[in-house]
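Read through the structure below, which is laid out as structure tokens, and then see the notes.
The numbers here are math on the coordinates, done by the rules we state, and not lab data. Only a predicted model underlies this, so the values are computations on that prediction, with no experimental measurement involved. Virtual Cβ from ideal backbone geometry, glycine too; neighbours counted across all protein chains shown.
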């Protein structure tokens, strides 16, 4: 029997089907911060966009740890009726199906590009009716042409999805802007201790514009402030896990993380903050990857026009010069290019050059900092 492609009018029952399935998945796998696996469960795909014609299949995105899922977690999903399909052509994904295209379940690690693209695509189509109509028209045309050829239908969607993703990226940068960051920080702004936005968001705050899609929100604080920060967030419903030797472990309330552990993941039913613990000695910040590198605390943090504290660009770029001891990533190279194009004040430029000469002598950025 052919695997028929059928695009049908939007059904208001689709979000309800997702909500029921979401509860089942969380019950089967458990929340990550409570010792389970799930960080976030989201309705994605065409059935997640109100008013959009779609194949009547509910796509569910789960960010979880670890991926691939352990055998016990796979067995729990199989008891819910899911069939495990492996990566199914997408590295880093666990793919499951339930029924004849009733549910498609995509399991990836938090911060994955797969998750970011699917959520961006969904949010853009929800916000821009003309884009949703463009996508619906393309799908109807392809479904009529490839009714009995599902793979050809999927291949045919590729160009229009790429076109709409490019438009979604522009929308995110120009229309959404810093709104998602401000929303993520709503429980942090009254922290009674020094904190700052780190990583890519810090550089965008310095540039005064959003330059690219950000997968998560990184926050810096000093290690000796960690228990106060955790108590503040725990009172607002956040729970914590810490990366350790390739796994994530729940962290008891009174447990203080000591070197070499420097990272806490804060979760609250789908929300996520990455807390990065920094070292200080007197009035100096000390680079945890190479304690020979220091920065005066009064030069460490700047403020945006809206009052958001952020890590100084030269320090953010020092972190980005190498990731976990390896080379910088393409997005880190793009961040460096954006800051250099905008201009870095002479003292900060000299500090980054001198710090790199100590930490990563021979780094290709040094030639552009002289």
Inset, instruction - Round to the nearest 10 and give me the degree value, 0 to 90, for the angle of helix 13-29's Cα axis relative to the longest principal axis of the chain. - result: 60
Inset, instruction - Would you calculate a helix-derived [θ] at 222 nm for the chain, using -39,500 (n - 2.57) for each DSSP H run of n ≥ 4 and dividing by the full residue count, to the nearest 500? - result: -12000 deg cm²/dmol
Legend entry - Alpha carbon centroid spacing (whole Å) that separates segment 303-352 from segment 46-96: 36
Inset, instruction - Pull up the DSSP beta bridges for the chain and report the antiparallel fraction as a percent, rounded to 5. - result: 75
Inset, instruction - Return the FRET efficiency for the residue pair residue 163, residue 333: r is the Cβ-Cβ distance, R0 is 25 Å, and the value is rounded to the nearest 0.05. - result: 0.45
Legend entry - Ranked by how many other beta carbons lie within 10 Å on average, peptides 121-134, 57-70, 277-290 from highest: 57-70, 121-134, 277-290
Legend entry - Distance between modelled label sites at residue 323 and residue 366, nm, 7 Å Cα→Cβ extension: 2.3
Legend entry - Ranked by how many other beta carbons lie within 10 Å on average, peptides 265-272, 184-191, 314-321, 46-53 from highest: 314-321, 46-53, 265-272, 184-191
Legend entry - Acute angle (nearest 10 degrees) that the helix 150-171 long axis makes with the longest principal axis of the chain, alpha-carbon atoms: 40
Inset, instruction - Give the peptides 243-249, 292-298 in descending order of average Cβ contacts within 10 Å, highest first. - result: 292-298, 243-249
Legend entry - Relative contact order (%) - the chain, alpha-carbon pairs under 8 angstrom, separation at least six: 13
Legend entry - Crossing angle, helix 330-342 versus the chain [Cα axis fit, 0-90 degrees, rounded to tens]: 60
Legend entry - Gain upon complete extension [residue 90, residue 126; 0.36 nm per residue less C-alpha separation]: 10.4 nm
Legend entry - Gained length - residue 11 relative to residue 244, 0.36 nm times residue gap less alpha-carbon distance: 79.5 nm
Legend entry - Neighbour-count ranking [beta-carbon atoms within 10 angstrom, fewest first] of 90, 161: 90, 161
Legend entry - Efficiency of FRET from Cβ geometry, residue 263 and residue 209, R₀ 22 Å, rounded to 0.05: 0.20
Legend entry - Label point distance in nm, residue 284-residue 231, each placed 7 Å from Cα along Cα→Cβ: 3.1
Inset, instruction - Pop a pseudo-label 7 angstrom from the Cα along the beta-carbon direction at both residue 146 and residue 170 and give the gap in nm to one decimal. - result: 2.6
